[in-house]
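Each remark here refers to the structure printed beneath this line.
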Amino acid sequence: MKILEKMRLDGKTAFVTGGARGIGKSVAIAFAQAGANVIIADFDFKEAEKTATEISSSEKATVIAVKTDVTDQVSVNNLMDIIKNRFNQLDIAFCNAGICMNIPAEDMTLAQWARVINVNLTGVFLTAQAAGKIMIEQGRGGSIINTASMSAHIVNVPQPQCAYNASKAGVIQLTKSLAIEWAKHNIRVNSLSPGYIGTDLTLNSKSLQPLIQEWNAMAPMHRLGSPEELQSICVYLAGDTSSFTSGADFIIDGAFSCF
Ligand code: NAD
């Protein structure tokens, strides 16, 4: 079989948290284009349904939406039950839902800190753990991709994001820990560290939007990345050609963090 054929995801089932929009939506489209059935798991069910309908109208794959709160174990278990009942298998987990708060450390409340850590780190743990359990039970491996960030590697001025940066650094160590624990089950666990990407999180954030010009001036490529520029790495990590790739973090930031 030729390499591009080997990279296809036909016959596989994937869930994407935070799949209603932005990076998650873009990767959900790519998984479906590569042949996988996709579950869009998002807190925003209305938008998730819209995305599922949009992808289903152009791809052969089955795409459904499931309302999911990644911080709530009951909600995550419900997602897994739906996947088992509807598809009877899980091969790929993209644990991607995340939020950002730009608040100076001295002003951050405990509730704000906890919210960011809960969604970005505990949410990734809960969804990866639930996916891992199914994959162990199935006994034929799988691929888990967790969304970290360039902010796990560098602390970029000027926006104050201590909770966000800490949560994303945590995602990378969590990823490496799971990669080692589950290597014996042939479950590969990797993380993705995007730089600034044009999504609602950046373009529609009142606090971040005014900084875009500044970021572009700093960036070696003088632009934001697009969600589509994260598709191919995720398809690679999800599929069988990355069979020896685990515990790795992929920085996709147009060289921003190289300074
Ligand atoms: P986005 O705001 O466009 O989309 C995030 C999605 O996650 C939304 O649909 C939202 O409803 C969903 N979500 C939020 N909380 C949730 C919860 N508790 N349970 C389930 N779903 C929830 O964001 P994006 O830019 O696409 O970011 C996706 C991921 O990429 C995040 O983890 C983010 O931190 C990370 N990231 C983004 C950038 C960037 O510049 N956009 C850079 C690095 C990393």
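The values are calculated or read from the model by the stated rules, or taken from the named source; none is laboratory data. Since the structure is predicted, the reported quantities are computational estimates derived from the model, not experimental observations. Here Cβ is always computed from backbone atoms with ideal geometry, including for glycine, and neighbour counts include all displayed protein chains.
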Among the candidates V171, V189, residue that is touching a strand residue (DSSP E or B) at 6+ places or on another chain (Cβ under 8 Å), more than 15 Å from I99 (Cα to Cα) and in contact (Cβ under 8 Å) with a residue 24 or more places away in the chain: V189
Scan the helices (runs of 4 or more DSSP H) fully inside region 1-77 and keep the ones with 1 or more residues being crowded, with 17+ Cβ neighbours inside 10 Å and of a type in the set (A, V, I, L, M, F, W, C). 22-33, 45-58
Do you know which of the residues in region 123-163 that are in contact with a strand residue (DSSP E or B) (Cβ under 9 Å, 6 or more places away or on another chain) and assigned to a loop (DSSP other than H, G, I, E, B) is nearest to N102 (Cα to Cα)? S149
Is it the case that some residue within region 102-112 is β-branched (V, I, T) and within 20 Å of G142 (Cα to Cα)? no
On the basis of being assigned to a loop (DSSP other than H, G, I, E, B), surrounded by fewer than 23 Cβ atoms within 10 Å (Cβ to Cβ) and more than 20 Å from the chain's Cα centre (by Cα), does N85 make the cut? no
How many residues of region 185-214 are in a helix (DSSP H, G or I) and among the polar types (S, T, N, Q)? The answer is 3
Out of everything in region 215-259 that is in a loop (DSSP other than H, G, I, E, B) and among the charged types (D, E, K, R), what residue ends up being farthest from the chain's Cα centre (by Cα)? R223
Can you confirm whether G24 is within 15 Å of the ligand (Cβ to nearest atom) and closer than 28 Å to K6 by Cβ? yes
Of the conditions (1) away from the ligand (no atom under 12 Å from the Cβ); (2) surrounded by fewer than 18 Cβ atoms within 10 Å (Cβ to Cβ), V235 satisfies every one except a single condition; which number is it? (2)
Matching residues in region 55-88 - criterion: being away from the ligand (no atom under 14 Å from the Cβ), of a type in the set (D, E) and farther than 11 Å from A32 by Cα: D81
Taking L224 as the residue in question, decide whether it is over 22 Å from F31 (Cβ atoms), modelled with pLDDT of 95 or more, within 11 Å of the ligand (Cβ to nearest atom) and in contact with a strand residue (DSSP E or B) (Cβ under 7 Å, 6 or more places away or on another chain). yes
